[in-house]
Amino acid sequence: MVEEGNQSSGFKVVDRRSFAVDGTRRTDVTAEEAKAAAEKSRVAQEPASSALDDRVDERFVMLVEFLGQAAFAHLGVTAGPAGEAIPIDIENARVAIDLLGVLQDKTKGNLSSAERKFLSDVLFELHTRFVEIQKRIAAKHKR
């Protein structure tokens, strides 16, 4: 059994509470210590929203890029591996865009502001291109 004499464990416990157990104000606590303890408590209770808003999950970005690139390819916006033109496949483009829309709906409230902006920017660009191409196809069929 270890004797409890002059042995020190290396830890020092300091009670920085402003009030004693019985509810009376402690006189041995300085105002500075009380203020520091209150600030530390307040910071610990606040959600780190700015830190959450700055985070970006690379896997999420890769997923959005993957689906976005597929949609752009089906819209004929991007070139093939050898630089050749890819024929427009409006139905598969619609599927890829719809999948990104589902992803946006299902992750609502769970994305950082950077992730939310990235996804909405990709969807905006895809919707714009989709409508343009759909109008061109409709105009071609009217002739």
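Find the residue count for region 64-92, including only residues that are in contact (Cβ under 8 Å) with a residue 40 or more places away in the chain, in a helix (DSSP H, G or I) and small (Gly, Ala, Ser).
Of the residues in region 64-92, 2 are in contact (Cβ under 8 Å) with a residue 40 or more places away in the chain, in a helix (DSSP H, G or I) and small (Gly, Ala, Ser).
Restricting attention to region 43-63, which residues are assigned to a helix (DSSP H, G or I), among the β-branched types (Val, Ile, Thr) and at pLDDT 70 or above?
The answer is Val61, and nothing else.
Give me the residue from region 89-111 that is among the small types (Gly, Ala, Ser) and in contact with a Leu (Cβ under 6 Å, 6 or more places away or on another chain) and, out of that set, farthest from Phe66 (Cα to Cα).
It comes out as Ala93.
Please work out if Arg129 is in a helix (DSSP H, G or I) and either surrounded by fewer than 16 Cβ atoms within 10 Å (Cβ to Cβ) or without any contact (Cβ under 8 Å) to a residue 40 or more places away in the chain (or both).
Taking the combined requirement at face value, the residue does not satisfy it.
Quickly run through region 111-126 and pick out the residues that are out of contact with any helix residue (DSSP H, G or I) (no Cβ under 8 Å at 6 or more places or on another chain) and either exposed (fewer than 10 other Cβ atoms within 10 Å of the Cβ) or aromatic (Phe, Trp, Tyr) (or both).
Once the filter is applied, which keeps residues that are out of contact with any helix residue (DSSP H, G or I) (no Cβ under 8 Å at 6 or more places or on another chain) and either exposed (fewer than 10 other Cβ atoms within 10 Å of the Cβ) or aromatic (Phe, Trp, Tyr) (or both), region 111-126 yields only Phe124.
The values are calculated or read from the model by the stated rules, or taken from the named source; none is laboratory data. No experiment lies behind these values; they were computed from the predicted model shown. Counting neighbours? That spans all protein chains shown, and the Cβs are built from the backbone with ideal geometry, glycine included.
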